[in-house]
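Chemist: Before I ask anything, let me first share the structure, which is written out below as structure tokens.
The values are calculated or read from the model by the stated rules, or taken from the named source; none is laboratory data. Since this is a predicted model, take the numbers as computed values, not measurements. Cβ sites come from the backbone with ideal geometry, for glycine too, and all protein chains shown count toward neighbours.
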Amino acid sequence: MPDPTAAPSEDYPVDERLPVLRETDLGRAKLLPDVDHDGGWLLTLDDTPQSYVDLGDPTHLEFEYTRRLGHLVDALDVPEDGRVDALHLGGGALTLPRYLAATRPGSRQRVVEVDGPLLDLVEQHLPWQGPGVDITAEVGDAREALATLARTAPGSLDLVVADVFHGSRTPGHLTSVEFLRLAAAV
């Protein structure tokens, strides 16, 4: 049996849909294929579910909270072409950026994820780039990225999604009134 922590190779192609395990900066990440849904993958971090993506249908939002966020994105008052400029604070498996790319093609999106090895794992096994997809992902702290944008490009975004968790909690520096003011500024 192939080592699920090994990088893909001819002996272990990605399309075998085997679980992938990797230590990241914030804990032990697992990518688990959904055995009931072709193309579906669950990302956990220290056994806490973080993201679910469907590579064949990025509009499929498995978690209730992501469906609610998707409904809010759908209700945005946006330009006639439907494109939006979005900042995603927290990346996980990029569920919402994929959804936005599918439902509002041509949107420009920036993802800020604090866990670089997690972002590398997702990029390697669940790539998000494709025709018409403009998603840039980078490693960084959500609040610092937001503060920089508030200072250098106020009013430049149509949407800010704060989907940041450490385990099952949102970090305290992202729950303050000051953080909300920074989001409102951009």
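Chemist: Count, please, the residues in the stretch 128-146 that happen to be polar (S, T, N, Q) and at pLDDT below 95. Quick ask: steps written out before the conclusion?
Modeler: First, the residues of the stretch 128-146 that are polar (S, T, N, Q): 129, 136.
From what's left, at pLDDT below 95: 129.
So the answer is 1.
Chemist: Okay, next question. Hey, any hits in the stretch 160-180 for a residue that's surrounded by fewer than 19 Cβ atoms within 10 Å (Cβ to Cβ), part of a loop (DSSP other than H, G, I, E, B), touching a strand residue (DSSP E or B) at 6+ places or on another chain (Cβ under 6 Å) and on the phi < 0 side of the Ramachandran plot?
Modeler: Taking every residue of the stretch 160-180 in turn, at least one turns out to be surrounded by fewer than 19 Cβ atoms within 10 Å (Cβ to Cβ), part of a loop (DSSP other than H, G, I, E, B), touching a strand residue (DSSP E or B) at 6+ places or on another chain (Cβ under 6 Å) and on the phi < 0 side of the Ramachandran plot.
Chemist: Same structure, new question: Can you pull out every residue in the stretch 25-73 that is in a strand (DSSP E or B), among the charged types (D, E, K, R) and more than 14 Å from LEU94 (Cβ to Cβ)?
Modeler: To start, the set of residues in the stretch 25-73 that are in a strand (DSSP E or B) comprises 27-33, 40-45, 48-54.
From what is left, the residues that are among the charged types (D, E, K, R) are 28, 30, 54.
Listed by number, the residues that qualify are ARG28, LYS30.
Chemist: With respect to ASP141, determine if the residue is within 16 Å of the chain's Cα centre (by Cα) and either more than 14 Å from ARG108 (Cα to Cα) or buried (at least 17 other Cβ atoms within 10 Å of the Cβ) (or both).
Modeler: Numbers: within 16 Å of the chain's Cα centre (by Cα): yes; either more than 14 Å from ARG108 (Cα to Cα) or buried (at least 17 other Cβ atoms within 10 Å of the Cβ) (or both): yes.
Spelling it out, ASP141 is indeed within 16 Å of the chain's Cα centre (by Cα) and either more than 14 Å from ARG108 (Cα to Cα) or buried (at least 17 other Cβ atoms within 10 Å of the Cβ) (or both).
The rows are residues; the columns are (1) closer than 20 Å to LEU61 by Cα; (2) surrounded by fewer than 20 Cβ atoms within 10 Å (Cβ to Cβ).
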| position | (1), (2) |
| --- | --- |
| LEU87 | yes, no |
| GLY91 | yes, no |
| VAL112 | no, no |
| THR136 | no, yes |
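Chemist: Continuing with this model, one more query. State yes or no: is VAL133 of a type in the set (Val, Ile, Thr) and under 11 Å from the mean Cα position of the chain (by Cα)? If you could, list the steps in order and put the result at the bottom.
Modeler: Details: of a type in the set (Val, Ile, Thr): yes; under 11 Å from the mean Cα position of the chain (by Cα): no.
No.
Chemist: What is the number of the single condition among (1) touching a His at 6+ places or on another chain (Cβ under 7 Å); (2) without any contact (Cβ under 8 Å) to a residue 60 or more places away in the chain that ALA184 does not meet?
Modeler: Looking at each condition in turn, ALA184 falls short on (1).
Chemist: Follow-up question, since we're still on this one. Under the condition of being crowded, with 19+ Cβ neighbours inside 10 Å and in contact with a Phe, Trp or Tyr (Cβ under 6 Å, 6 or more places away or on another chain), which residue from the stretch 53-69 is nearest to ASP115 (Cα to Cα)?
Modeler: Filtering first and then ranking leaves VAL53.
Chemist: Then there's this: May I ask you to verify whether TYR99 is under 15 Å from the mean Cα position of the chain (by Cα), part of a helix (DSSP H, G or I) and modelled with pLDDT under 95?
Modeler: On the way: under 15 Å from the mean Cα position of the chain (by Cα): yes; part of a helix (DSSP H, G or I): yes; modelled with pLDDT under 95: no.
Taking the combined requirement at face value, the residue does not satisfy it.
Chemist: Report whether or not LEU149 is at pLDDT 95 or above, surrounded by 15 or more Cβ atoms within 10 Å (Cβ to Cβ) and more than 26 Å from LEU21 (Cβ to Cβ).
Modeler: Working: at pLDDT 95 or above: yes; surrounded by 15 or more Cβ atoms within 10 Å (Cβ to Cβ): yes; more than 26 Å from LEU21 (Cβ to Cβ): yes.
Taking the combined requirement at face value, the residue satisfies it.
Chemist: Looking at the stretch 96-110, I want the residues that are over 18 Å from PRO79 (Cα atoms) and have a partner that is aromatic (Phe, Trp, Tyr) with Cβ atoms under 6 Å, at least 6 apart or on another chain. Which pairs are those?
Modeler: Hits for this filter: ARG98/TRP128.
Chemist: Going by the structure shown, is ALA93 hydrophobic (A, V, I, L, M, F, W, C), within 20 Å of ALA29 (Cβ to Cβ) and in contact (Cβ under 8 Å) with a residue 40 or more places away in the chain?
Modeler: yes
Chemist: For VAL133, state whether it is under 14 Å from ALA183 (Cα atoms) and of a type in the set (Val, Ile, Thr). Talk me through it step by step, then tell me what you get.
Modeler: On the way: under 14 Å from ALA183 (Cα atoms): no; of a type in the set (Val, Ile, Thr): yes.
Considered against the rule, which asks whether it is under 14 Å from ALA183 (Cα atoms) and of a type in the set (Val, Ile, Thr), VAL133 comes out as no.
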